[in-house]
C-alpha cells in the first residue's frame, strides 16, 4: 500500500516501535492464541500502555484518550500487529467505554471510565442469549424496577472470558409490552452481585473462552442503568458499530498473511516451495488484494470518526470482509502445513510433530470460525448494508 508519511508520522512510528521493543514483556510477544494466556498475561501490556497514557487511542482526550490523529492510530495498530503484542481486550475500552462517555451520566463517567482505563474493571458482554443471537431484539432477560433497584432474571450465552471478569454490561427487557427494540434497557452489573453465576462452554478446540451467564433475581442499583429506560437498543447499536470496526482486524491479518507466506516458502511440494506453486500463489495474491482494499476502507472509517461521525454502514462492511479474510488466511495456513496441521495432543515429553510454524494452525482455524457470527452475524450485516446503503 503506497502511502505518504510526513516526517512527524515517521517520528511517531519510530517512537511506538522503540517503546514496544523496550517495554513489552518479551516472553509474551508472538503469542497468537489468547487461550494460552493467563489473566496476568492478558493484562500486562494493558497496564504498561495505561502507565504510558496510550491505552485508549480512540477515546476523547477529556476522558483519557491520546489525542492522536487517525494516521497515528493506524500506525500504532500497525506496529502492535507487526510486533505481535498481546491483544488488548475490547470489552471495556472499545465497547462499553464509548457508551458510557457518550450516553452515561456525569457520575457514571467519573465512576467507571478511570477503572476501564486502568483495567481495575474487567468487562464482559451480556448480549446474546440461547434464543437471541443475531436476532438480538428477541432477548428474554428481564429487568423489573423494585424501588431503587432493578431485579434482573435471565440467561446470556457466549460470554467471552466471563470467568475472569468483574463487571458485565447487560441488555434486558424493561417493557415487555413494547415492540422488541423499544422495550430494552442497558445495565452495568457487578459480577460479584448475588445471583450472578457463570458456567463454562467447551469449544471445539478444547478451550474454555466463552460461558453461559445466569441472572437469578440479581438486584442492580437504578443508577447503573445507562441513559433512559427502554432506550437500550439505541446504545446497543452504537456499541456494535464500534465493535464491528475493531473486529475487522486489518493490521493483525497483514501479519498473519506474512506468516502464511513464510510457511509456503518452507513447505516443499515435489522439491519446489509451495509459494512458487501458481495455484497457491494466486490464492495468496487474491487475499492480499482484498486485504489492501479493506485497509483503505478502514482508514476512511477512522477519518470519518475523527470528524465526529460515528461508524455507519462501513462498520458492517469492515466486519464482513475483515472476518472473511481472517478465516481465509487460517484456511491457507492449514493448507500450507498439510498433514502437520492435523489436531494432535501433546506428546509425553512435550515435543511437537513437524515444524514449529505448524503448531496451532488448526486451533487457530477452528477459533476463527466464530468471527463471522459474533458481533452480529455476517448475514445480518448484509441486511444492514442493503437497507442503509442500497435503500432496499
Residues in the stretch 55-90 that are in a loop (DSSP other than H, G, I, E, B) and more than 26 Å from residue 109 (Cα to Cα): how many? 3
For residue 180, are the conditions met, namely being loosely packed, with under 14 Cβ neighbours inside 10 Å, farther than 24 Å from residue 223 by Cβ and outside the structural domain of residue 62 (by TED's automatic domain parsing)? no
Test: residue in the stretch 281-289 that is within 28 Å of residue 158 (Cβ to Cβ) and outside the structural domain of residue 188 (by TED's automatic domain parsing): yes
(1) in contact with a strand residue (DSSP E or B) (Cβ under 6 Å, 6 or more places away or on another chain); (2) surrounded by 14 or more Cβ atoms within 10 Å (Cβ to Cβ): which one isn't true of residue 138, the others all being true? (2)
Only one residue in 42, 55, 31, 116 is within 20 Å of residue 161 (Cβ to Cβ), under 18 Å from the mean Cα position of the chain (by Cα) and not assigned by TED's automatic domain parsing to the domain that holds residue 14, so which one is that? 116
Which residues, counting only those in the stretch 369-387, are farther than 18 Å from residue 138 by Cα, within 13 Å of the chain's Cα centre (by Cα) and surrounded by fewer than 19 Cβ atoms within 10 Å (Cβ to Cβ)? 370
Does the stretch 348-362 contain at least one residue that is assigned to a helix (DSSP H, G or I) and either within 21 Å of the chain's Cα centre (by Cα) or at pLDDT 85 or above (or both)? yes
Residue 238 surrounded by fewer than 20 Cβ atoms within 10 Å (Cβ to Cβ), modelled with pLDDT under 90 and not in a strand (DSSP E or B): yes
What are the pairs with Cβ atoms under 8 angstrom where one residue, in the stretch 251-275, is without any contact (Cβ under 8 Å) to a residue 12 or more places away in the chain and the other, located anywhere, is assigned to a helix (DSSP H, G or I)? Sequence gap at least six, or different chains. 265/274; 265/275; 268/274; 273/264; 273/265; 273/266
Quick check: anything in the stretch 65-78 out of contact with any helix residue (DSSP H, G or I) (no Cβ under 7 Å at 6 or more places or on another chain), under 18 Å from residue 24 (Cβ atoms) and in the same structural domain as residue 17 (by TED's automatic domain parsing)? yes
Identity of the residue in the stretch 105-115, in contact (Cβ under 8 Å) with a residue 60 or more places away in the chain and under 20 Å from residue 90 (Cα atoms), that ends up surrounded by the most Cβ atoms within 10 Å (Cβ to Cβ): 112
What about residue 102, is it within 19 Å of residue 298 (Cα to Cα), surrounded by fewer than 18 Cβ atoms within 10 Å (Cβ to Cβ) and not assigned by TED's automatic domain parsing to the domain that holds residue 254? no
Tally up the residues in the stretch 191-238 that are closer than 17 Å to residue 161 by Cβ and out of contact with any strand residue (DSSP E or B) (no Cβ under 6 Å at 6 or more places or on another chain), please. 7
Of the candidates 185, 253, 207, the one satisfying the condition of being part of a helix (DSSP H, G or I) and either within 20 Å of the chain's Cα centre (by Cα) or surrounded by 21 or more Cβ atoms within 10 Å (Cβ to Cβ) (or both) is 253
Residue identified as under 30 Å from residue 5 (Cβ atoms) and either out of contact with any helix residue (DSSP H, G or I) (no Cβ under 9 Å at 6 or more places or on another chain) or buried (at least 22 other Cβ atoms within 10 Å of the Cβ) (or both) among 133, 97: 97
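The values are calculated or read from the model by the stated rules, or taken from the named source; none is laboratory data. None of the values given here were measured: they were computed from a predicted structure. In this analysis, Cβ positions are derived from the backbone assuming ideal geometry, glycine residues included, and neighbour counts consider all displayed protein chains.
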